[in-house]
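The structure appears below as C-alpha cells.
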Amino acid sequence: MAVETLTLKVFGMTCDGCVQSVHNAINDIAGVQNVEVNLPLEQAVIEYDDTQVDKIELIRAVEDAGFSTT
C-alpha cells in the first residue's frame, strides 16, 4: 500500500453543508484513508491508497457532488 496525499482546490462551497457533501463524496470511495475539507481555504486534502483509487476518480467524485476543481 502506497499512501499518497492530494490537495484539491474546491470551488463552489459556501457553507458547512457543502463541506459535508464534499467530505462524504470523497470519503465513500474505497482506498481513501482520510479527508479534510476546509471551507475558508477552499480545499480538500485527501490521503489515499494509490493502489485502490487514482486522482481522476477523486476529482470526479468532487465534481459529481456539484463542485468544481478547476
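Some points to look at:
- Cβ-Cβ contacts under 7 Å between residues 6 or more apart (or on different chains), taken from a first residue in segment 27-40 that is touching a residue at least 12 places away in the same chain (Cβ under 8 Å) and over 14 Å from T7 (Cβ atoms) to a second residue that is in a loop (DSSP other than H, G, I, E, B) and open to solvent by 90 Å² or more (accessible area, probe 1.4 Å), are listed as A30/Q52; G31/Q52.
Residues checked against (1) open to solvent by less than 40 Å² (accessible area, probe 1.4 Å); (2) in a loop (DSSP other than H, G, I, E, B); (3) at positive phi:
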{"residue": "E4", "(1), (2), (3)": "no, no, no"}
{"residue": "T7", "(1), (2), (3)": "no, no, no"}
{"residue": "T14", "(1), (2), (3)": "no, yes, no"}
{"residue": "Q20", "(1), (2), (3)": "no, no, no"}
{"residue": "I26", "(1), (2), (3)": "yes, no, no"}
{"residue": "Q33", "(1), (2), (3)": "no, no, no"}
{"residue": "Y48", "(1), (2), (3)": "yes, no, no"}
{"residue": "R60", "(1), (2), (3)": "no, no, no"}
{"residue": "G66", "(1), (2), (3)": "no, yes, yes"}
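The values are calculated or read from the model by the stated rules, or taken from the named source; none is laboratory data. Only a predicted model underlies this, so the values are computations on that prediction, with no experimental measurement involved. Methodologically, a virtual Cβ is constructed for each residue, glycine included, from the backbone with ideal geometry; neighbour enumeration extends over all protein chains shown. All accessible areas refer to the heavy atoms of the entire protein, side chains included, with ligands and DNA or RNA removed. Shrake-Rupley method; radii C 1.70, N 1.55, O 1.52, S 1.80 Å.
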